[in-house]
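Below is one structure, written out as structure tokens, with a few remarks after it.
The values are calculated or read from the model by the stated rules, or taken from the named source; none is laboratory data. Since we're looking at a predicted model, the values are computed, not measured. Backbone-built Cβ (ideal geometry, glycine too); neighbour counts: all protein chains shown. We work out accessible area using only protein heavy atoms, side chains counted, and drop any ligands, DNA or RNA first. Shrake-Rupley method; radii C 1.70, N 1.55, O 1.52, S 1.80 Å.
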Amino acid sequence: LALALMYAAINRTADGVRRMRDRFFLLTERAHQGGAVIIDQQCVYSNPAFMSAYRVDKVVDAPAPLSEAWLDRTSTYAERVYVRKLLTQLRNGSLAQAEWEGERRALDGQPLYLRFKAWPVEWDGQPAIQIVMSDETAQHESARALLWQATHDELTGLPNRSALLQRLREGIADSRTTSLALVLLDVDRF
């Protein structure tokens, strides 16, 4: 009887582990947000959304995710230094969660605008950092297009009155500017 009860308990535990594995798969492998786990500056896991955002499927010689070669191809030097500093703070416990965003490049050269969140976790008994990434390229491009339309003439592409007023405000607010001149030219019957 004791062996039968132990066998039933082991089966229930195995079923529970399988359910948890399947839930993990559903949550991460099919998510629209990218996810990655880093242990000692090496990526041990990245989901398909993470790889797809960087267009890994279109590049034959893709470096390992989040490796030095990966970072060299996808971000600027200043951004790499900043992100390394944040990840170091996460590793040593001086920061509980980090958030950053900015322009990147996909591995095929396309411009991206990505938002990241990262926090320390445990992965297979080792301290790790989990990163969640949102690809906001479309929203960023839409906002940039709207701003351009608001500050430029549609016909000529030249800055409009709104852009002029903004530049005047900036010129007046700049403490280094000692003098400022404004010349208005009106073209009749244009």
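Taken over region 1-131, the convex hull of the Cα atoms encloses 131 Å³ per residue.
Mean residue ellipticity, 222 nm, helices only, the chain: the sum of -39500 (n - 2.57) across DSSP H runs of n ≥ 4, divided by residue count and rounded to 500, is -13500 deg cm²/dmol. For region 132-162, GluC sites (Glu not before Pro) meeting the loop criterion (DSSP other than H, G, I, E, B) and having at most 10 other Cβ atoms within 10 Å: Glu154. Working from Cα pairs under 8 Å separated by at least six residues, relative contact order for region 35-116 is 26 percent. Semi-axes of the equivalent ellipsoid of region 1-64 are 38, 13, 9 Å, computed as sqrt(5λ) over the eigenvalues of the C-alpha gyration tensor in descending order.
With a 1.4 Å probe and all protein chains left in place, how much accessible area per residue does the chain have, in Å²? Can you show the working numbers first?
Working: 13970 Å² over 190 residues.
Averaged over the residues of the chain, the accessible area is 74 Å².
How large a share of the accessible area of region 38-190, in percent, is made up of carbon and sulfur atoms when the probe is 1.4 Å and the other protein chains stay in place?
Ligands and nucleic acids excluded, carbon and sulfur give 53 percent.
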